[in-house]
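Computed from the coordinates by the stated procedures, all read-outs in this text should not be read as laboratory data. Every value quoted in this text rests on a predicted model; they were computed, and no experiment measured them. Every residue, glycine among them, receives a Cβ derived from its backbone with ideal geometry; neighbour counts consider all protein chains shown.
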């Protein structure tokens, strides 16, 4: 029997208006969207709310406004930022249901995870070259693993590295109880291989939002499971 794969559209927003526009395209067709929050330090690219200061994120954190379509869907934050321990509280306050910490980021990873414990679903992201054995250090503190499928994270339109398929198999074998998300370069060509290897969630940006019809693309990915 085939398992159900969660399809999560990924948004790399240059500003709040782009976030609103892209969420509106998939609202009603997915349960969760991923917001890529890049600080311009951990990764060269900077996105909303770190790219250009505005008051939208502050208003969301202070509950003066909500994330786009927050009544209809959940959102997870891929926190591609240094000092995650200083940033996670505001994302919890903003309403994130999942927060993903990159194990390679500079800062206090343990403190960031402790700050999130019992508040949201916690993900640990690993870059392509990071040995999966590092998961053992954190496996009691996290709810899932996110394996990056591209070399240059924080950017879309990147080439998928097939070696990630083997990494999915390795994580599934060593940590069978941890759900696995794959983010970066996911396409109709490699998605079936990732699913067969054991991926539980596919985080997809370009293949959805650059499609002629994003909803058709979402539904096509869903049918792969």
### Query
Any residue at all in the stretch 144-157 that is surrounded by fewer than 16 Cβ atoms within 10 Å (Cβ to Cβ) and in contact with a strand residue (DSSP E or B) (Cβ under 8 Å, 6 or more places away or on another chain)?
no
### Task
Could you check how many residues of the stretch 48-79 are in contact (Cβ under 8 Å) with a residue 40 or more places away in the chain and closer than 12 Å to residue 36 by Cβ?
5
### Query
Give me the pairs: first residue in the stretch 175-189 and in contact (Cβ under 8 Å) with a residue 60 or more places away in the chain and on the phi < 0 side of the Ramachandran plot, second residue crowded, with 17+ Cβ neighbours inside 10 Å and in a loop (DSSP other than H, G, I, E, B), beta-carbon distance under 8 Å, and six or more apart or on different chains, which are they?
181/199; 181/200; 183/149
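Quick grid of which residues meet (1) touching a residue at least 60 places away in the same chain (Cβ under 8 Å); (2) within 30 Å of residue 170 (Cα to Cα):
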| site | (1), (2) |
| --- | --- |
| 46 | no, no |
| 81 | no, yes |
| 106 | yes, yes |
| 117 | no, yes |
| 128 | no, yes |
### Summary
Filter the stretch 1-23 for residues that are touching a helix residue (DSSP H, G or I) at 6+ places or on another chain (Cβ under 7 Å) and closer than 21 Å to residue 150 by Cα; the one that is surrounded by the fewest Cβ atoms within 10 Å (Cβ to Cβ) is 5
### Query
Which of the residues spanning the stretch 153-166 are without any contact (Cβ under 8 Å) to a residue 40 or more places away in the chain and under 14 Å from residue 125 (Cβ atoms)?
164
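Is it the case that residue 26 is surrounded by 19 or more Cβ atoms within 10 Å (Cβ to Cβ), farther than 24 Å from residue 212 by Cα, in contact (Cβ under 8 Å) with a residue 24 or more places away in the chain and in contact with a strand residue (DSSP E or B) (Cβ under 7 Å, 6 or more places away or on another chain)?
no
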